[in-house]
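Heads up: the structure comes next, in structure tokens.
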Amino acid sequence: MTFSDKTNFLIVVVGPTAVGKTDLCVQLARHYHTEIISADSRQFYKEMSIGTAKPSAEEQQGIKHHFIDSHQITAEYNAGAYEQDVLALLQALYQKKQTVILTGGSGLYVRAVCEGMDEMPETDPAIREQLTALYQQQGMEPLLTQLQQLDPFYYERVDKANPQRVIRALEVCLSSGQPYSSFRKKEQQERPFQIIKIGLNRDRQELYDRIDQRMDQMLAQGLLQEAEALYPYRHHNALQTVGYKEIFDFLEGKYDWEEAVRLLKRNSRRYAKRQLTWFHKFPDYTWFHPDQWEEIVAFIDKQISASQV
């Protein structure tokens, strides 16, 4: 794909949930007269709004946001398809914009755009259904035991609290007869644009307080009612996530409402910690507090200027 001579820029803004990515990126989009591409793998879905902290029309402030409300909950959508869709969108946007913003907390989706996805073999949908049913009936333990046997290398590296990653690895192992790790070459793809990477973070207690406040706000906005409406779709990958699973368990009588709220907040904080761990694995991010507006703009401008010399 050759749609640029490297004079176009993708500003990538990542960080944990509730850190303040939306507000900053709207300011950046206005400053650079551009548009925003969401890399939040749950905000794609039209039916999931409150539990994904999807930015409202008011919060978007008239800035065009792409990949929000772009898919139905029943659609199968993954990082590989997202990579291709975003590259096609960028080709169009760079016809009129020099700079575009990509933001979100879904590390795999950000990486897909920046570096490319490894080629994975076709898998049998029936295997995924079987693995998902096993997870719903018995939890992570049997899946992890199986993964350890089939691909001990990936077993040591996978987020063992993430059922989507574990099930994905197992379905590739079982469909192909080869370890999942054998398909993960991590050969970075050359992109026809410059990438400027920014990470946002706050003091740990400040971030956790914001997460707790966000969960209270979501509940006040009707998260319970949204989850009730989504309950029939609870087995879909998009809903195997913090913010919905806890309420599904409450609806099934596994614990009372007070415990559900406690778990919502605790698991959201843990999710934020995992997001930070993921992004800190990549040394090419420069980190800022979201309030460091002048420093962030100066950093971006310096990167753009250096690339144009």
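What follows is calculated from the coordinates using simple rules that are stated; it is not laboratory data. Computed from a prediction, not measured in an experiment: that's the story for all the values here. Here the Cβ positions follow ideal geometry from the backbone for every residue, glycine too, while neighbour counts run over all protein chains shown.
Things worth noting here:
- Violating pairs (Cα-Cα greater than 32 angstrom) within the set Lys46/Lys254; Lys64/Lys160; Lys281/Lys302; Lys96/Lys265; Lys21/Lys160; Lys21/Lys97: Lys64/Lys160; Lys96/Lys265
- Each residue of segment 38-51 was assigned a 3J(HN,Hα) from its phi angle through the Karplus expression (A = 6.51, B = -1.76, C = 1.60, θ = phi - 60°), giving 7, 10, 9, 5, 9, 6, 4, 8, 4, 7, 10, 10, 5, x Hz with x at Gly and Pro.
- Sorted into 5 angstrom bins from 0, the C-alpha pair distances of segment 1-73 split as 3, 14, 25, 24, 17, 9, 6, 2, 0 percent.
- For segment 236-244, backbone phi angles converted through the Karplus equation (6.51, -1.76, 1.60; θ = phi - 60°) give residue-by-residue couplings of 6, 3, 4, 9, 7, 8, 4, x, 10 Hz, Gly and Pro being listed as x.
- Measuring r between the beta carbons of Thr277 and Gln188 and using R0 = 22 Å, the FRET efficiency lands at 0.60.
- Couplings 3J(HN,Hα) of segment 65-74, computed from phi: 10, 9, 6, 10, 6, 8, 9, 7, 4, 7 Hz, in residue order, whole Hz [Karplus 6.51 cos²θ - 1.76 cosθ + 1.60, θ = phi - 60°; x for Gly and Pro].
- 19 Å tail of the calculated P(r), segment 125-183, as % of Cα pairs: 17
- Straight Cα distances below 15 angstrom link Lys197 to the aspartates and glutamates Glu115, Asp284, Glu295, Asp301, with same-chain residues fewer than 8 positions distant left out.
- Grouping the Cα pair distances of segment 247-309 into 5 Å bins from zero gives a pair-distance distribution of 4, 14, 12, 13, 13, 10, 8, 8, 7, 5, 3, 2, 0 percent in increasing distance order.
- Length added when fully stretched, Asn162-Asp124, from 0.36 nm per residue minus Cα-Cα: 11.6 nm
- Length-normalised contact order for segment 125-183 - Cα pairs under 8 Å, 6+ apart - percent: 35
- Virtual paramagnetic centre 7 Å along Cα→Cβ of Lys64, amide N under 18 Å, in segment 73-96: 85-96
- Normalised contact order of segment 227-306, rounded percent, pairs of Cα under 8 Å and 6 or more residues apart: 19
- Projected label points at Thr286 and Leu219, each 7 Å from Cα along the beta carbon direction, are separated by 4.1 nanometres.
- Cα gyration tensor shape of the chain, rounded if a/c is under 1.5, else prolate or oblate by comparing a/b with b/c: oblate
- Note on Tyr233 and Tyr255: the extension gain reaches 5.9 nm, defined as 0.36 nm multiplied by sequence separation minus the Cα-Cα distance.
- Relative contact order of the chain, pairs being alpha-carbon contacts under 8 Å that are 6 or more residues apart, as %: 27
- Formal net charge of residues neighbouring Ser56 (Cβ-Cβ distance under 13 Å; K, R +1; D, E -1): -3
- Ellipticity estimate at 222 nm from DSSP helix runs (n ≥ 4, -39,500 (n - 2.57)) divided over the chain, nearest 500: -15500 deg cm²/dmol
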